[in-house]
Amino acid sequence: MCRFLKLALLVTAAVTMAVPNMAWTETPYQNPDKVLADIVEAPQTPWVSLSPNEAIMLMMEPPSLPSVAELAERELRLAGMRIKPQINGQSRTRPLQSLSVLDIESREQRKILGIPEGARIENTSWSPKGDKVLFTNTTSTGLELWVAELDKAKARPLTGPVVSMTGNISPVWLSDNETIVFARVPQGPREEPKEKMVPDGPVTQENLGKVAPARTYQDLLKNPHDEELFEFYMAAQMCRVDMKGKVTAIGEEGLLWDFNPSPDGNYILVETIHKPFSYLVPASRFPQRVEIFDLDGNLVREIVDLPLQESVPIAFGSVTTGPRRFAWRNDAAAELVWAEALDGGDAGKESELRDKVVALSAPFEGEPRELMKLSQRFGGITWGNDECALVYSWWWKTRNLKTWRLYPGGSSESEVLSDRSWEDRYGDPG
């Protein structure tokens, strides 16, 4: 026994002597040679945007590479969204650094003044007349709404860091050229929901006996705390602000997903999310209420209250059931257009007709009128007038793309202008 003990001690001593003492230190990030750094950090070609009247070009300095501090910032992954909680906005964006304007005729270029040093500019948008540009500036505490007056080449803030951009709710101009609609973070004291150390119970999911193939998604809700965080950061108040900075609330707070003013500026199409939430699909498939409000926040009409969409067929070209793809007809004062599936949304199902396109005009009473039925999926409309609009339809399985001429006024039957494969670039009419 004594001999075995001595042998064990000798082995232990040998192993201890064989293992070197390792001192762990934090190694700082290293910089490359100046030649490489100059290549990576070289000024990029400006991004450009032409004004509606085509007289001025907005030149935007592209973003530099993100810093390590930016990459290390907190990020919430909720319902398919990636949220930056410090600012009530989306993460992983690429803010601009500066703005300038170029007069197309004179070729004179002026830098827009008044923008703070180190500004993080996003969500630029021309006013209807092309004499102003709105944008947001990201600060350490939130998103500010700014406007640049191009005749003076000077920018100024319209709000403090109160803008919410968690959903698809970018600030938009009204047609009067003087008013902007945006989403505001709820006012008053707010505290992020804290996760309970001990949950109230296990997370359970119920199978109702219905077979339904499903796609997989990333960053979904996983537990009740995720639901609380989602509600907290999605909550917003729709508001309008004039050029003097006067803010007026429109309607009530809600989980704003999207809003879109009518061309005449008298109505706003609002899409809000509500419970029940899902742990299987992203926020875009959550129950969604689509409504039309006037500028005072009065409900004009509820278009549809879509249920939770967990069972959308997985065949390419399948869509949700019920109304979808809402948009204002931009050559009319206030006419809302949308599509509805005629095949249950299932692209794998045999059907002569796939979609129909309908329209409903102000004052939004009665039933919508049918514009046309399609044997393929609806892909959008380019509006012209009552005698001409271009309707696009597509079908994934055949890679077919059709362009139709629609007579919105109903004076004639729609007709095919182009019928081709979207993989045939030589056959693209341009």
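Every number in this text was worked out from the coordinates using simple rules, so none of it is lab data. All values reported here derive from a predicted model rather than from experimental measurement. Heads up, the Cβs are rebuilt from the backbone with ideal geometry, glycines too, and the neighbour counts pull from every protein chain shown.
Assorted remarks:
- Computed over the chain, the per-residue total of -39500 (n - 2.57) for DSSP H runs of n ≥ 4 gives a 222 nm mean residue ellipticity of -2500 deg cm²/dmol, rounded to 500.
- Pairs of Cα atoms farther than 22 Å apart, region 194-332, %: 51 percent
- Once the Cα atoms are used to define both axes, helix 224-234 deviates from the longest principal axis of the chain by about 50 degrees.
- Length-normalised contact order for the chain - Cα pairs under 8 Å, 6+ apart - percent: 8 percent
- FRET efficiency for the pair residue 217 and residue 364, taken as 1/(1 + (r/R0)^6) with r the Cβ-Cβ distance and R0 = 30 Å, rounds to 0.30.
- Nearest-20 debye value, region 63-147 charge dipole, Cβ charges on Lys, Arg, Asp, Glu: 280 debye
- Under 30 Å from residue 154, Cα to Cα: lysines that are on another chain or at least 8 residues apart: 84, 111, 129, 132, 244, 246
- As a proxy for reagent exposure, 320, 141, 136 were ordered by neighbouring Cβ count within 10 angstrom, fewest first; the result is 141, 320, 136.
- Applying 1/(1 + (r/R0)^6) with r as the Cβ-Cβ distance of residue 72 and residue 228 and R0 = 30 angstrom yields a FRET efficiency of 0.75.
- Recomputing P(r) over Cα pairs in 10 Å bins from 0, in percent from the coordinates shown identifies the correct label among [x] 4, 19, 26, 20, 14, 10, 5, 2, 0, 0; [y] 4, 16, 22, 25, 18, 7, 3, 3, 2, 1, 0; [z] 3, 10, 11, 11, 9, 8, 8, 8, 7, 4, 3, 3, 3, 4, 3, 2, 1, 1, 0 as [y].
- With contacts taken as Cα pairs under 8 Å and at least 6 residues apart, region 312-430 reaches a relative contact order of 16 percent.
- Sparsely packed GluC sites (Glu not before Pro) within region 106-139, loop by DSSP, other Cβ within 10 Å at most 10: 108, 117
- Note on residue 64 and residue 294: their simple-model spin labels are 5.1 nm apart, each label 7 Å out from Cα toward Cβ.
- In degrees, nearest ten, helix 2-18 long axis to first principal axis of the chain (Cα): 50 degrees
- Dipole magnitude of the chain about its Cα centre (Cβ charges: Lys, Arg +1; Asp, Glu -1), debye to nearest 20: 1520 debye
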